[in-house]
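Colleague: Sending over a structure as structure tokens; questions will come in a sec.
The values are calculated or read from the model by the stated rules, or taken from the named source; none is laboratory data. This is a predicted model, so every value here is computed, not measured. Neighbour counts run over all protein chains shown; Cβ positions are idealised from the backbone, glycine included.
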Amino acid sequence: MSKSIERADDPGAIGSRRPTGSARSRDGWKTTLARHWRHRQWLKVIGICAFTWIFFMAYFHVLRNAPHPVTVMPLTPLDGWIPFEPAAFWVYVSLWFYVGIAPGLLPSLRALLGYGAWIAALCVAGLLCFWLWPTAVPSQAHQLDPAVANHAGFALMRGVDAAGNACPSLHVATATFTALWVQRLLAAAGAPWPLKAVNATWLLLIAWSTVAVRQHVVLDVVAGAALGVAFGLAALRFGPAPQSQAADQRL
């Protein structure tokens, strides 16, 4: 048979429909993440919205019904080194998109339910801290510059989220938990390092924003990060952690 006739199943043959190994490694992570993002997408959207609604009901109940005297969190020198930054408001509110990334990328219903159980446990632990030890941001730190006090975004944020429920920062705790899972999901899919760097940077910016918009002090951030790391690592160790692309089993 003539050598000019190429086998259809030869990965390197011209016109072959099967991609080469390098093409698979380059595009495989994109396909994997896109497939996971589409898997049970409406269930994920509805579940995240329902979870957030239930969380805020519990959060505001604890905020408005503190059973013990409120402790005002102390300021540290680092609080004075982080200036008030109005633009940080947009980073602060980006958490509500960011926390949807990890569950959005989960490949199975089992992993999704396990993730939901662990982050629910984190939120319950944080709310229990608020219930047993009510804390608040110092008034001098929580006070806004008059130039931005009436800004629609800040007015809404301060009207909804008062200075209480300060330590640990659940903003930082949930962002840290999310970052650990997103990092593992990206690694399991074989995603390149720039995406992992973006994920880590987003987490750091959210943590910074909580102080820059004067919703928290540095000690709140440290406690929130510790809470997020504790539950995040436990969830990845004992929960249905993401598997490698080859071992991925969808439900």
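Colleague: Considering only region 211-251, how many residues are crowded, with 23+ Cβ neighbours inside 10 Å, modelled with pLDDT under 95 and outside any loop (DSSP other than H, G, I, E, B)?
Modeller: The qualifying residues number 1.
Colleague: If you don't mind, another one. Could you go through region 48-64 and let me know if any residue there is surrounded by 14 or more Cβ atoms within 10 Å (Cβ to Cβ), of a type outside the set (Phe, Trp, Tyr), in contact with a strand residue (DSSP E or B) (Cβ under 8 Å, 6 or more places away or on another chain) and closer than 11 Å to PHE130 by Cα.
Modeller: Checked against the condition, which is being surrounded by 14 or more Cβ atoms within 10 Å (Cβ to Cβ), of a type outside the set (Phe, Trp, Tyr), in contact with a strand residue (DSSP E or B) (Cβ under 8 Å, 6 or more places away or on another chain) and closer than 11 Å to PHE130 by Cα, region 48-64 yields at least one hit.
Colleague: Something else about it: When you look at VAL91, is it closer than 22 Å to VAL62 by Cβ and part of a helix (DSSP H, G or I), yes or no? Lay out the reasoning, then the answer.
Modeller: Numbers: closer than 22 Å to VAL62 by Cβ: no; part of a helix (DSSP H, G or I): yes.
In short, no.
Colleague: Considering region 129-177 alone, what residues qualify as being in a helix (DSSP H, G or I), at pLDDT 65 or above, small (Gly, Ala, Ser) and touching a helix residue (DSSP H, G or I) at 6+ places or on another chain (Cβ under 9 Å)?
Modeller: Correct list: ALA173, ALA175.
Colleague: Run GLY104 past the list (1) within 20 Å of ALA230 (Cα to Cα); (2) surrounded by 14 or more Cβ atoms within 10 Å (Cβ to Cβ) and report the number of the one that doesn't hold.
Modeller: Here GLY104 meets the rest and fails (1).
Colleague: Further question: Looking only at region 66-99, count every residue that is surrounded by fewer than 12 Cβ atoms within 10 Å (Cβ to Cβ), at pLDDT 90 or above and over 25 Å from the mean Cα position of the chain (by Cα) and tell me the total.
Modeller: The total comes to 4.
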